[in-house]
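Everything below concerns the one structure shown next.
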Amino acid sequence: MNMHQNLRQMATHPTKSISKRSIPLITRKTFALSLVLIASLAVVSGCKKKPAPQTATAPVATAPSPVAQLTATPSTITAGDQVVLSWKTTDATSVSIDGIGTVPSSGVKTVTPTMTTTYHLTARGEGGSTDATATVTVNPAQAAVAVPENNQTMTAEQMFKANVQDIFFDYDSYDVRTSDNSVLSKAAAYLAAHPEIKVVIGGYCDDRGSNEYNLALGENRANAAKKMLVQDGVAPNRLRVVSYGKERPFCTEETESCWQQNRRAGFSMDSSSGN
Amino acid sequence: MIFDFRFLRRLAWVGAACCALMALPVQAQDWVHIGSNIPVGTQRIRLAAADMKPVGNDPQTPVMKATFDTTLFHDLANAGIFEMVSKSMAPTAMPGSPQEINLAQWAAAPANAAFVAYGALSSTGGHLVVYGWLQDDRNAGTPPILTKQYSGDANDDQARTLAHQFADDIIAALGGGVRGIAETKIYFVSARGGSKQIWAMDYDGENQHQVARAGILSLSPRISPDNSRLAFASLSNSGWAIRMYSFDLGRFVAFPPGTQGGSNLSPAWSADGNHIAFSSSRSGDPEIWTCDTNGGNLKRLTAFRGPDVSPVWNPRTGAQIAWVSGRTGLPQIYIMDTDGGNVQRMTDGGYAISPSWSPNGQFLAFSWNRKYGPGAPGGQDIYVMDIASLRWLQLTHDSGSNDFPSWSPDSRHLVFERSINGHTSIWTMLADGTEQQQLTRTGKDFMPNWSWK
């Protein structure tokens, strides 16, 4: 019960008790520093923000060399499966990936390599150039030679995944990226050639923000993908939208590249007999 | 001594900085304390709760007494209006009736109590009876403020219930007629059983149990004002539907508007229990809809492109709805009339979600990340805003990611969800952000909703 009371008393006047205690502890030598700290605290408490970490080092005169990071998830697949490449660079003025071309300084792209591939990213900046690589090991599908055009060698599921690829979104956005228009056109063409296939479009979000808002946002992402497919000639009654919000993450780390993988419209074959 | 002169000048500066530091939050909190009827510091009533006097030789009596004493003290300490007299400072005698109490002893140091709650407890043949009194220590001779008998079965659950009832009676008598919250429940989502389903617990975290199970997973539980029905959103193979569970009937009851087309999310009850607001994307975009509780009178209130979700009625007037809209980009809190008119944006930026309207109609509590952006750590805090003046106060600081605040019926407390390193728990606090307490500890508990009574 005593602990209870003490906690309550401390909680009632947090600011007061901190300032009262800190004054007698201040020595002359630390005074200038304390003044700066307290002044910055006052500013910070005014706008209710956490102080930014203080950096004591002087700015570096020469340009820093670029930092680059490239990951492929998963790193081992069966031919026909998708791999998500995600990359992040800093201090780079131009970034390119061999076989893909010039890309934004950070981003995500779905690829479907048919054989074991090492993706090579080059980040060039004023401070030099940095490379990053990521290797994807591709196992042949069903003991057959990986020839994507040959329907016999891939399951219907694998064919679907190779042709109807997930698309990704910017944070808090449900606008389809122009770079994904071709992905959706390819998906529409495949669906036109396979009229028996019905599709579930899942809307996904990263795990920041509320479950409820992300369900609404995921709905809009899936609907945006649906709208594009309908524009490309797919009958709306073949497309079913389900928002998963942040309830079904593909990746659970608290990193930008992971968040990016979760901001997607994901396509799967609809096996339910419903609409 | 030039050095000392500088020293003094610096001291003055530090003093000024400290004053600025202290003045700002204290001033800012005044409106919260007044609006939520939470007294500060010495304004709190100094109350003593004596241990109950055990009566009779039934072996259950001391067991029931222990539960009752602990629960009563905890309830009164949690009320937010008392400064409780520590049990170590209370007189050693356990008064069991007005004839036995020496009020002067309780009024004197070290107890210094303004009021004392006391009584007698006995368990006889499985039946538990408590006589409770509340008395003004400094006006001996005046009749007790409260004289009441409480009874129930002699089990742990009933002992806690009787203590909650006595506590709420004391709080109503001393807290300006506003009844306490010790008998209220908190509904929430828990994934402790595997998938996310709807659970409930007492307001203090006791008695946690699953109350409904539906679909692949369920979210957003909202209890009806009369505690008879629970509305929530549930994901099945055909998408998101709003389900309605009746506690009276022990089964789901039909709610046709909640199952039609598109995702149906985030239900909310009007205070009269006659209307439901929810988010539905049946038009192709998530919008706010309202209908009668029986499903009739379906109306769409919003029409802008972008997510509209998480509605909540003004419980005082029933004439306004607050909700979250992404119509201008990042989600913000808005208010509108229940016919969709008079739309007013309440937050000025950042990422603002999950509004809860205080039962007295004065405040909105919500979750806000004021510097959301790409690469931002995603920290969210609970804020409370005075609707008339748009003044706001941050209630949580540097403690994980906080979301889904929900007001207690006395407008003095908030329950909320706090996530730290992937472990999400239910917490409560006073409406000024103090006295934060963790209620659940499985690390898999979300989206609390405080009952209306």
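The values are calculated or read from the model by the stated rules, or taken from the named source; none is laboratory data. Note that the coordinates shown come from a computational prediction; the quantities given were computed from them, not determined experimentally. Counting neighbours? That spans all protein chains shown, and the Cβs are built from the backbone with ideal geometry, glycine included. Note: areas computed on protein heavy atoms with side chains; ligands, DNA, RNA excluded. Shrake-Rupley method; radii C 1.70, N 1.55, O 1.52, S 1.80 Å.
Tabulated data
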item	result
Theoretical FRET efficiency, 1/(1+(r/R0)^6), r = Cβ-Cβ of A:T114 and A:R177, R0 22 Å, to 0.05	0.35
Carbon + sulfur, % of accessible area of segment A:164-275 - ligands and nucleic acids excluded, 1.4 Å	50 percent
Inter-probe distance in nm under a simple model that places probes 7 Å from Cα toward Cβ, at B:M89 and A:V67	5.4 nm
Surface per residue (accessible, 1.4 Å probe) for segment B:42-174, Å²	40 Å²
Count of lysine pairs in chain B with Cα separation under 27 Å (8 or more residues apart, or interchain)	17
Three-way shape label, segment B:185-450, alpha-carbon gyration tensor, a/c 1.5	rounded
Rounded tilt (10° steps) of B:156-174 against the dominant C-alpha axis of chain B	90 degrees
Rounded percent of accessible protein surface that carbon and sulfur make up, segment B:42-174, 1.4 Å probe	54 percent
Buried on assembly, segment A:171-215 (at least 30 Å² less accessible surface than by itself, 1.4 Å probe)	A:Y171, A:D172, A:Y174, A:R208, A:G209, A:S210, A:N211, A:E212, A:Y213, A:L215
Solvent exposure of segment A:61-144 as accessible area per residue, Å², 1.4 Å probe	49 Å²
Approximate shape of segment B:42-174 as ellipsoid semi-axes (Cα gyration tensor, √5λ), whole Å, largest first	24, 15, 13
Pairwise FRET efficiency - B:I34 versus B:T142, Cβ, R0 = 41 Å, nearest 0.05	0.90
Charge sum, other residues only, whose C-beta stays under 11 Å from B:I198's C-beta, Lys/Arg counted +1 and Asp/Glu -1	+4
Karplus 3J(HN,Hα) series, Hz, for segment B:390-405 with 6.51 cos²θ - 1.76 cosθ + 1.60 (x for Gly, Pro)	6, 6, 10, 9, 7, 9, 10, 9, 6, 10, x, 10, 10, 8, 6, x
Potential extension, B:A172-B:N57 segment - 0.36 nm per residue separation minus Cα distance	38.1 nm
B:A104 paired with B:D398, simple spin-label distance in nm, labels 7 Å along Cα-to-beta-carbon	5.1 nm
Cα-based helix-to-principal-axis angle, B:2-36 vs chain B, degrees rounded to 10	80 degrees
Fraction of antiparallel bridges per DSSP, segment A:164-275 only, in percent to nearest 5	55 percent
List of segment A:241-267 residues, accessible area with partners at least 40 Å² below that of the chain alone (1.4 Å probe)	A:E247, A:R248
All-pairs Cα distance distribution in chain B, expressed in whole percent, bin size 20 Å	23, 49, 24, 4, 0
Convex hull volume per residue for segment A:61-144, taking Cα atoms only, in Å³	65 Å³
Protein accessible area in segment B:290-380, 1.4 Å probe - carbon and sulfur %	46 percent
Average accessible area per residue (Å²) across segment B:185-450 - probe 1.4 Å, nucleic acids and ligands excluded	33 Å²
Heavy-atom accessible surface that B and A bury in contact, both chains counted, 1.4 Å, Å² to 100	5300 Å²
Solvent-accessible surface ranking, highest first, for A:E253, A:E157 at 1.4 angstrom	A:E253, A:E157
Percentage relative contact order, chain B, counting C-alpha pairs under 8 Å, at least six apart	10 percent
Note, ³J(HN,Hα) from phi for segment B:76-92, Karplus 6.51, -1.76, 1.60, rounded to Hz, x at Gly and Pro	5, 5, 7, 5, x, 10, 10, 9, 7, 6, 4, 4, 6, 9, 7, x, 6
FRET efficiency, B:F247 to B:R282 (Cβ-Cβ, R0 25 Å, nearest 0.05)	0.30
Listed residue (B:V129, B:P98, B:N155) projecting farthest to the positive dipole end of segment B:42-174, Cβ model	B:P98
All-pairs Cα distance distribution in segment A:68-107, expressed in whole percent, bin size 5 Å	6, 21, 28, 21, 13, 8, 3, 1
